[in-house]
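Q: If you scroll down you'll find the structure; I have some questions about it.
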Amino acid sequence: MKIKCYVLVTCIFFALAVWEGFAHAENIRKPVAAGKFYPKEKKYLLRAIETYMNSAKPASGECPVAIISPHAGYIYSGQICADAFNQAAGFNYDLVVILGTNHTVGGFSKVSIYSQGGYETPLGIAKIDRQTAGELIAMDEAFIFRELVHQREHSVEVLVPYIQVLFPQAMILPAVVGQKNPDVCRRFGKALASVLSRQKDLNALIVASSDLSHYPSYSDAVRVDHATLKAICGLNPEYVQKTLHKQMNDGIVNLKTCACGEAPILAAMAAAENLGANCARLVSYANSGDIAIGSRDQVVGYGAVSFFKTNTCKKIEITEDPLESKYGKLNSKEQETLLNIARMSIEQLLSCRIIPLVRDVPPALKSHRGAFVTLKKNGHLRGCIGHMVQDRPLGQVVSSMALQAAFNDRRFTPVTYPEVPDIEIEISVLTPFKRVKNPQEIIVGRDGVVLGKDGKKAVFLPQVAVEQGWNREEMLDHLCRKAGLSDGSWRHKSKFYTFQAQVFSESKIRYH
């Protein structure tokens, strides 16, 4: 009888233990954006955040009450996210409140405050501040916990790894702010400030998660986003709403929203004001068209803003980088910068699954120019791809072509990480194309050549004929073969364009 009772009690305790473990597991919000918006593997994720933080805009020195950070895929917005968090990285925070936006549950107009055990990422579990969550939920019928709102929402999740790295001891408080109801946003911001200020020993950071314009052209995005950021830095939520409304009604092609996280921004502004913040500063801006793999036809904007208390608030004007349109030769420092951009682009994609944001470069590297990137291993070609259209800044073109040459040249297998130290990078920066009517005008060694015939096209850089020992006719025959044409067909009804190139490599610098 005693044995039976012991077995029964053991089974009961085992069942309770299993149930408690199951219940605890149910309290943890599992990651859904890992492997999609940011690296799934822990080592790559840590390297990515470390790399972004090492390149982040310097901190201003003021302790932020709140920041605005984008929430797109790291490969697009990770650097701007790091810029935002770097403003707070030098301070200790016990709690980070993440105000996300609702992408997944239609018609949700309240604020869902996650009050369970934690948010899981590849870096572990970030614990929830249940006490603060409970206090907020009790303050207003519009503040609730609805698990469905959080299940597939990425706007909170993608920011959690930054918090885990920078503030490993801090708890988090995720809140998804539903529709952009000004009254709900204001009430929530005020309530949040009230709860945080009551906890005298609590140092809290509020993070509003928002991207900016969605899907206009590059130039339209820059104009729209700068107006939005200027309004935000004015610390007037009503003016922010008016600015966004006006821009949405200005007939801008493909503009679907000026800020997908308008509600989190408004709530954060209200909370920051009630916590004493009297200054807002733009930290950085970029859009998806600034990334090597990004299209400039339809882009998404990203901005980092910091809100803080200060005795002297100095406003920073939002200005665009001037376009350098000169086509002169690059000096040694500019060449070195481009070579570093090319190598860094390949190394970062292989080591941490990200691509560098090309910025803070010399003016000449902002000019719209074409370029080729050539990779050689032990003296043999390992990849070569170029962009000849003069429609992007040179630094970005080099980053993009380095990636293309390393991973998308169909003649070769993709470059692997162990190979990188043995790869030598050569860059050819192009001059504008010039139409020539007579192939006899082409000078071997000086001119690169584009041949077009019967809808087919091929190009050789100026150095190719010299390296192969070809004369003009041999070069043009090989150009025909490259285009899929027969030898000698260049002699009849072909179009020729020439260009020159400044060619330089990591081992030596050559000029043509």
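Taken together, the values in this text are just the output of simple stated rules run on the coordinates, not laboratory data. Just so you know, these numbers come straight off a predicted model, no measurement behind them. Cβ: placed from backbone, ideal geometry, glycine included. Neighbour counts: every protein chain shown.
Q: Can you give me the angle between helix 237-248 and the longest principal axis of the chain, using Cα atoms only, in degrees from 0 to 90, rounded to the nearest 10?
A: Helix 237-248 sits roughly 40 degrees off the main axis of the chain.
Q: Summing -39500 (n - 2.57) over the DSSP H runs of n ≥ 4 in the chain and dividing by its residue number, what mean residue ellipticity at 222 nm do you reach, to the nearest 500 deg cm²/dmol?
A: Theoretical 222 nm ellipticity from helices: -11500 deg cm²/dmol.
Q: Assigning unit charges at the beta carbon (Lys, Arg +1; Asp, Glu -1) and nothing else, what dipole magnitude in debye, to the nearest 20, does the range 29-308 show about its Cα centre?
A: 240
Q: Additional query: With angles folded into 0 to 90 degrees, how steeply does helix 472-483 sit against the dominant principal axis of the chain? Use alpha carbons for both and round to 10.
A: It is inclined by approximately 40 degrees.
Q: Would you mind telling me the antiparallel percentage of the DSSP bridges in the chain, rounded to 5?
A: Counting DSSP beta bridges with both partners in the chain, the antiparallel share is about 70 percent.
Q: Next up: Quote the charge dipole size of the chain about the Cα centre in Debye, to the nearest 20; the model charges only the Cβ of Lys and Arg (+1) and of Asp and Glu (-1).
A: So the magnitude is around 880 debye.
Q: If you don't mind, there's one more thing I want to ask. When the chain is fully extended, how far beyond the present Cα-Cα distance does residue 435 get from residue 487, taking 0.36 nm per residue of separation?
A: Length gained between residue 435 and residue 487: 16.6 nm.
Q: Any idea how many Lys pairs in the range 332-505 come in under 18 angstrom at the alpha carbon, given 8 or more places apart or on separate chains?
A: Within the range 332-505, the lysine pair count is 21.
Q: Straight-line reach from residue 127: which aspartates and glutamates have Cα under 12 Å away, leaving out those fewer than 8 places along the same chain?
A: 94
Q: A further question follows. Taking residue 508 as the anchor, which aspartates and glutamates have their alpha carbon closer than 18 Å to its alpha carbon, excluding any fewer than eight residues away along the same chain?
A: 334, 336, 422, 424, 426, 467
Q: Cα convex hull of the range 343-395: mean projected area in nm², to one decimal?
A: With the hull built on Cα positions only, its mean projection is 4.6 nm².
Q: Using the charge dipole of the chain (Lys, Arg: +1 at Cβ; Asp, Glu: -1 at Cβ; taken about the Cα centre), state which of 361, 112, 401 has its Cα farthest towards the positive end.
A: Farthest towards the positive pole: 401.
Q: Return one number: the angle in degrees, 0 to 90 and rounded to the nearest 10, between the long axis of the Cα atoms of helix 394-407 and the longest principal axis of the Cα atoms of the chain.
A: On a 0 to 90 degree scale, this one is about 90.
Q: So if I place +1 on the C-beta of Lys and Arg and -1 on the C-beta of Asp and Glu, and nothing else carries charge, what would the dipole magnitude of the range 124-212 be about its Cα centre? I want it in debye, nearest 20.
A: 160
Q: Packing-wise, with mean Cβ within 10 Å as the measure, how do 125-135, 413-423, 391-401 rank, highest first?
A: Listed from highest to lowest mean packing, they are 391-401, 125-135, 413-423.
Q: Provide the FRET efficiency to the nearest 0.05 for the residue 312-residue 468 pair, computing r from the beta carbons and using R0 = 60 Å.
A: Between residue 312 and residue 468 the formula returns 0.40.
Q: Give me the distance between the Cα centres of the range 392-469 and the range 168-182, rounded to whole Å.
A: The two parts, judged by their Cα centres, are 49 Å apart.
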